[in-house]
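Novice: Below is a structure I'd like to ask you about.
All of the numbers you see were taken from the coordinates with simple rules; none came from a lab. None of these values were measured; they are calculated from a predicted model. For neighbour counting, all protein chains shown are included, and Cβ atoms are generated from backbone atoms with ideal geometry for every residue, glycine included.
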Amino acid sequence: MQLNTKHFGVVEVNEKDIIDFPEGIPGFEYIKRFVILGKNEDGNPFHWLQGVDDPDIALVIIDPRTFKPDYVVDVPDEEVEILDIKDTEKVLVFSVVVVPEDLSKMTANLSAPILINIENSRGKQVIMDNEDYPIKYYFMEELRKVGGN
Amino acid sequence: MLALTRKKGQSIIIGENVEVTIVDIQGDQVKIGIDAPKNILIHRKEIFEEIQRENKKAAEVRVMSLKELWGKG
């Protein structure tokens, strides 16, 4: 299907790449379907989470383990029941990135990771109660260290 | 909104299976215990609102290439 996006013009989206977010995400509860764009760009850890139901909405996301290898998602089973996870290896983990004018001050939301079960293409943003994982985590220095920049 | 006055150790029941207990009161802080079925998710309101705000902020990103973000543009 074709998606007329604000950021990227018309993009061709394969129906099977659409991820269902039955609850939307906080702030955008009405967007029930997203796609990930820019997944195949040579090792670039940044991707776009593009709204399908609202093509004007696109968020930058990054797997937090790129710069924080020991990052773990720990939430009650009930919180992720909707994802019907059988194999945790099949779950993608992303942090939502806020991109200010000064790119060195980008922050990732470690407190509320987006989980995507690739086995059933279902996603949800979960909220963790962990003081070590702030909502605004400055990661650029760490990303540079692992050779991302 | 229903407002009830409770003392330390007292509780209220919501529906059939949610119980909210006033565990402790210290000055202007109240410690609340919640007994609820596991399928009822409980978040501190300000944290949920903070995540909403953060997502909205993230959506204000200007159009740019992912290469630019990565510094390899």
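Novice: When only DSSP loop residues count, what trypsin sites (Lys or Arg not before Pro) in segment A:40-127 have their Cβ near at most 11 other Cβ atoms within 10 Å?
Specialist: Sites meeting the loop and neighbour criteria: A:Lys86.
Novice: Which entries in A:Lys6/A:Lys105; A:Lys16/A:Lys90; A:Lys32/A:Lys124; A:Lys136/B:Lys56 show an alpha-carbon gap greater than 19 Å?
Specialist: In this structure, A:Lys6/A:Lys105 exceed 19 Å between Cα atoms.
Novice: Moving on to the next point. Counting other Cβ atoms within 10 Å, keep those with at most 15, restrict to DSSP loop, and tell me which GluC sites (Glu not before Pro) in segment A:93-149 are left. Before the final figure, lay out the partial values.
Specialist: On the way: sites: A:Glu101, A:Glu119, A:Glu131, A:Glu141, A:Glu142; in loops: A:Glu101, A:Glu119, A:Glu131.
Hits after loop and neighbour filter: A:Glu101, A:Glu119, A:Glu131.
Novice: What do you get for the angle between helix B:45-58 and the principal long axis of chain B? Use alpha-carbon atoms, 0 to 90 degrees, nearest ten.
Specialist: 10 degrees
Novice: Something else: Under the classification rounded if a/c is under 1.5, otherwise prolate if a/b is larger than b/c and oblate if not, where does chain B fall, given a ≥ b ≥ c as square roots of the Cα gyration tensor eigenvalues?
Specialist: Taking the square roots of the gyration eigenvalues as a ≥ b ≥ c, chain B is prolate.
Novice: For the pair B:Ile22 and B:Phe48, how long in nm is the line joining their label points, each one 7 Å along Cα→Cβ?
Specialist: 2.3 nm
Novice: Kindly state, to the nearest 0.05, the FRET efficiency for A:Glu131 paired with A:Asn14, given R0 = 45 Å and r defined as their beta-carbon distance. If you can, show how the numbers build up before the last one.
Specialist: Numbers: r = 40 Å, r/R0 = 0.89.
So the FRET efficiency works out to roughly 0.65.
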